[in-house]
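Trainee: Got a structure here, written out as structure tokens. Questions coming.
The values are calculated or read from the model by the stated rules, or taken from the named source; none is laboratory data. Just so we're clear, the structure is a prediction, and the values are computed from it rather than from any experiment. Here Cβ is always computed from backbone atoms with ideal geometry, including for glycine, and neighbour counts include all displayed protein chains. SASA here: full protein model, heavy atoms, side chains in, ligands and nucleic acids out. Shrake-Rupley method; radii C 1.70, N 1.55, O 1.52, S 1.80 Å.
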Amino acid sequence: MFIITVLQIFTTNIVPILLIMLAGWALARHFDVDVQSIGKASFYIFSPALTFRLIYNSDISASDSLAVLLAILAVFTGVALSTWLIAKLLRIGRLETKSLIVSSSGPNMGNYGLSVAAFAFGDVVLEYAAIIMVAGTIIYNLIAALLSERQTNFRQT
């Protein structure tokens, strides 16, 4: 039973990603592809358009969106506080502690995260994944900006 479940997960989740990677490799091998331009278009045009469309057409209620936002904030805060506590216990300097907090608590849930969520759980979860990606990115960038500035005042930053 376990092996069947693992094979099912592999074929429904991992194989589609591998096929996309294989198609990209084959395309780059046989054609002169400007990967940097494709990456920039994906990052600056396609991903924001997809995210906007997902959130705009979403049937997720405001209370569910708020719950997702609060959960992301709780996870971020928990990781940041844990990192701060460990840094204090190890007597790491202030600047290094800030760097550790930013690097350890930053979510990695961009384009790849949306694809994995869609492959693994279907289109219904994709709407939640888009909200998680946007909220996580906003929270992370705000906290990263606050920690990277020399000012301790929120308004100054």
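Trainee: Report the far tail of the P(r) of the chain, meaning the percent of Cα-Cα pairs longer than 19 Å.
Mentor: The answer is 68 percent, as a whole percent.
Trainee: Further question on the same structure: Using Cα atoms only, what is the angle between the long axis of helix 62-89 and the major principal axis of the chain, expressed in degrees (0 to 90) to the nearest 10?
Mentor: The two axes meet at around 60 degrees.
Trainee: Grab the DSSP H runs of the chain that are 4 residues or longer, score each as -39,500 (n - 2.57), total them, divide by all residues and round the 222 nm result to the nearest 500 deg cm²/dmol. It would help to have the intermediate numbers written out before the result.
Mentor: Working: 8 runs with 118 residues, N = 157.
That calculation yields -24500 deg cm²/dmol at 222 nm.
Trainee: Could you sort 140-146, 5-11 so that the peptide with the highest average Cβ count within 10 Å comes first and the rest follow in order? Let's see the in-between values first.
Mentor: Values: 140-146: 14.6, 5-11: 10.3.
Result, highest mean first: 140-146, 5-11.
Trainee: Let me ask another. So what is the relative contact order for the chain, in percent, with contacts set as C-alpha pairs under 8 Å and at least six apart? Let's see the in-between values first.
Mentor: Details: 80 pairs, mean separation 43.6, N = 157.
Reported as a whole number, the value is 28 percent.
Trainee: Under a 1.4 Å probe, what is the accessible area of region 55-132 per residue, stated in Å²? List each step's numbers first, then the result.
Mentor: Numbers: 5090 Å² over 78 residues.
On a per-residue basis, 65 Å².
Trainee: Which listed residue (Leu90, Trp25, Ser61) has the Cα farthest towards the positive end of the charge dipole for region 20-157, taking +1 on Lys and Arg C-beta and -1 on Asp and Glu C-beta about the Cα centre?
Mentor: With unit charges placed on the Cβ atoms, the residue in question is Leu90.
Trainee: For region 5-25 and region 47-70, what is the centre-to-centre distance using only Cα atoms, to the nearest Å?
Mentor: About 27 Å separates the Cα centre of region 5-25 from the one of region 47-70.
Trainee: Percent of accessible area on the chain owned by carbon and sulfur, 1.4 Å probe?
Mentor: Details: 7990 of 11630 Å².
Result for the chain: 69 percent of the exposed heavy-atom area is carbon or sulfur.
Trainee: How long are the semi-axes of the ellipsoid equivalent to region 72-141, from square roots of 5 times the Cα gyration tensor eigenvalues, in whole Å, largest first?
Mentor: On the way: eigenvalues 180, 19, 19 Å².
Its equivalent ellipsoid spans semi-axes of 30, 10, 10 Å.
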